[in-house]
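What follows is a short report on a single structure.
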Amino acid sequence: MNGVLPRLPIIVTGLLLALLTATIANGQTSEVPRREPSFGIYAAETGGALAGVVVGAGFGVAIGIMSGGNNTNRMAAIGVLFGIPAVLAGCAGGTYIVGSAYHQDGRYLPALGWTAGAATLGVVLLDAGTWVYVTSRIGAGGGAAVSGLGIAVLAATPIATVVGYNLSRPRVSVGSRFLPGAVALGSVMDADGVGHASLDVRMLTVRF
């Protein structure tokens, strides 16, 4: 009994510190560690962009069929009118959805901006290829090269979307890597197998 009484102030102090630490921690917002990007995540985001392109194109075709009636030209015009924005939005949306599933925390609008920019550049190069073919002295070879470059840029639009999405990810601040300390009660065994109360104090945790 005499051995227990001297340890009572330590136990009480430990309980009070543990209660104080729990109260402070309850009032803080715990940060969910963000998963670092990898080749697999980039590939998944690109796959999401391609899936969004398919969905957007399907939407444009469906709108064209429903609105065009028996007029093929009207059907194609309406399909293109609604399909192009749907394809761009779907490409960025697919990347955003997949990236969010991996907690990448990128933003949709920057991804959409890179999508629209890449697609616009591809279309401009295609048009420039036709112009070179018609007006330039280098003739068909030069026009085909420029048009081929335009097709390559259009094909790489999903990759541009992934780049834009990942560039919009917030940077990890240095302060977010430091977590507050904690206090907990524990028990240790001495050489004779007798348990003794212990106070475990962690001053600071650094996350890498």
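The values are calculated or read from the model by the stated rules, or taken from the named source; none is laboratory data. What you are looking at is a predicted structure, and each value in this text was computed from that prediction instead of being measured. Cβ: placed from backbone, ideal geometry, glycine included. Neighbour counts: every protein chain shown. Remember, those area values only see protein heavy atoms, side chains included, never the ligands or the DNA or RNA. Shrake-Rupley method; radii C 1.70, N 1.55, O 1.52, S 1.80 Å.
Tabulated data for the structure shown
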item: 3J(HN,Hα) from dihedral phi, region 62-67, Karplus parametrisation 6.51/-1.76/1.60, rounded to Hz, x for glycine, proline; result: 5, 5, x, 5, 6, 9
item: Heavy-atom SASA rank of Asp192, Asp105, Asp127 (probe 1.4 Å, accessible area, largest first); result: Asp192, Asp127, Asp105
item: Burial order of peptide ranges 110-121, 75-86, 156-167 (average beta-carbon count within 10 Å, highest first); result: 156-167, 110-121, 75-86
item: Under Karplus coefficients 6.51, -1.76 and 1.60, residue-wise ³J(HN,Hα) of region 120-131 in Hz, glycine/proline x; result: 5, 4, x, 5, 4, 5, 4, 5, 5, x, 5, 5
